[in-house]
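A.B. asks: Supplied in structure tokens, the structure appears directly below.
The values are calculated or read from the model by the stated rules, or taken from the named source; none is laboratory data. Just so it is clear, the structure is predicted and the values come from calculations on it, not from any experiment. When we count neighbours, we look across all protein chains shown, and the Cβ atoms used for this are built from the backbone with ideal geometry, even at glycine. These accessible areas exclude ligands, DNA and RNA; they are computed on the full protein's heavy atoms, side chains included. Shrake-Rupley method; radii C 1.70, N 1.55, O 1.52, S 1.80 Å.
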Amino acid sequence: MERLLAVPDSNQPHVLILGGTAEAATLARSLTDSYGDRLDVTTSLAGRTCAPFPLPGNVRSGGFGGAEAMAKYLKDRQVSAVIDATHPFAKQISANAVNACAGANVPRLVLSRPTWSPEAGDNWIEFDTVEMVAADLPGFGGRAFLTIGMQELSVFATVADAWFLVRLIDPPTNPLPLTNYQLITSRGPFSVAAEQALMEAHQIDVLVTKASGGDATVAKLAAARYLGLPVLMVRRPPAPDGPAVADVAAAVDWILGRLHP
């Protein structure tokens, strides 16, 4: 589904932002506010969040259907540049963007926020996959706070004698694939005090999360530090090939340098 606020002007450069992150929204806002009369800006969302924050410019929702279909979209919509500002763990859409941009001969930039770094007092145990976390989880206590999103919860279905506090942005349409759990739905940013109170109220033994980075959910790490809880952290997958920046200002500079609107 695509929402077009204006018919794209073929005489203006057309920027496609692969979004779903706070950085993508900030970039769309920056481009439309400052260069909306010289750039057409479209943000593409995967459509997994029921009520995403309002976005400026044009918005499309839903997958492209693979790299070839994305390349066709880029050609049909005369896209001048693609900014991959998806979640750091959105491996498939990033891989599709690499191939689609190569096939359509469209320049591509990755906008990826810096990952988190441990601080003094942190007890982080890092893993390459969620499956590895699930295998080791029984050694860290029986009450785990899962903050990994919806897609990989089933990995923990076979963890014996475990209870899970699961936090999601949206209520799921079906029961979770877990036996013993409590579900809460909430969207960040969260405060350290609230995260600490939540973990204490549910007698959490261990925090399970991904190295997503960003400010919206970093408070849980500080709360775990203050409570002396271990954090089982899934490392980021390798970044896609190609040019990359870590902040919105650098992405805007790259776009202006490439497209000269």
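A.B. asks: Restricting to region 43-57, and then to whatever is modelled with pLDDT under 65 and among the small types (Gly, Ala, Ser), can you tell me which residue is surrounded by the most Cβ atoms within 10 Å (Cβ to Cβ)?
C.D. replies: Among those residues, the one meeting the criterion is Gly47.
A.B. asks: Additional query: Return a yes/no flag: does region 223-240 have any residue that is closer than 17 Å to Ile17 by Cβ, over 17 Å from the mean Cα position of the chain (by Cα) and aliphatic (A, V, I, L, M).
C.D. replies: No, because not a single residue in region 223-240 is closer than 17 Å to Ile17 by Cβ, over 17 Å from the mean Cα position of the chain (by Cα) and aliphatic (A, V, I, L, M).
A.B. asks: Test Gly242 against the stated conditions and say whether it is under 25 Å from Ala28 (Cβ atoms), at pLDDT below 95 and either in a strand (DSSP E or B) or open to solvent by less than 20 Å² (accessible area, probe 1.4 Å) (or both).
C.D. replies: Considered against the rule, which asks whether it is under 25 Å from Ala28 (Cβ atoms), at pLDDT below 95 and either in a strand (DSSP E or B) or open to solvent by less than 20 Å² (accessible area, probe 1.4 Å) (or both), Gly242 comes out as no.
A.B. asks: Could you give me the residue pairs with C-beta distances under 9 Å whose first residue belongs to region 62-80 and is on the phi > 0 side of the Ramachandran plot, whose second residue is exposed (fewer than 15 other Cβ atoms within 10 Å of the Cβ) and small (Gly, Ala, Ser) wherever it lies, and which are 6+ apart or on separate chains?
C.D. replies: Listed pairs, sorted by first residue: Gly62/Gly47; Gln78/Ser10.
A.B. asks: Where in region 97-193 are there strands (runs of 3 or more DSSP E), lying wholly inside it, with at least 3 residues that are out of contact with any helix residue (DSSP H, G or I) (no Cβ under 7 Å at 6 or more places or on another chain)?
C.D. replies: 124-127, 163-168, 181-185
A.B. asks: Just to check your reading of the model, which residue among Ala216, Ala211, Ala194, Ala201 is hydrophobic (A, V, I, L, M, F, W, C), open to solvent by less than 60 Å² (accessible area, probe 1.4 Å) and closer than 27 Å to Ala135 by Cα?
C.D. replies: One residue alone meets the criteria, Ala211.
A.B. asks: Which residues, counting only those in region 194-216, are among the small types (Gly, Ala, Ser) and outside any loop (DSSP other than H, G, I, E, B)?
C.D. replies: Of everything in region 194-216, those that are among the small types (Gly, Ala, Ser) and outside any loop (DSSP other than H, G, I, E, B) turn out to be Ala194, Ala197, Ala201.
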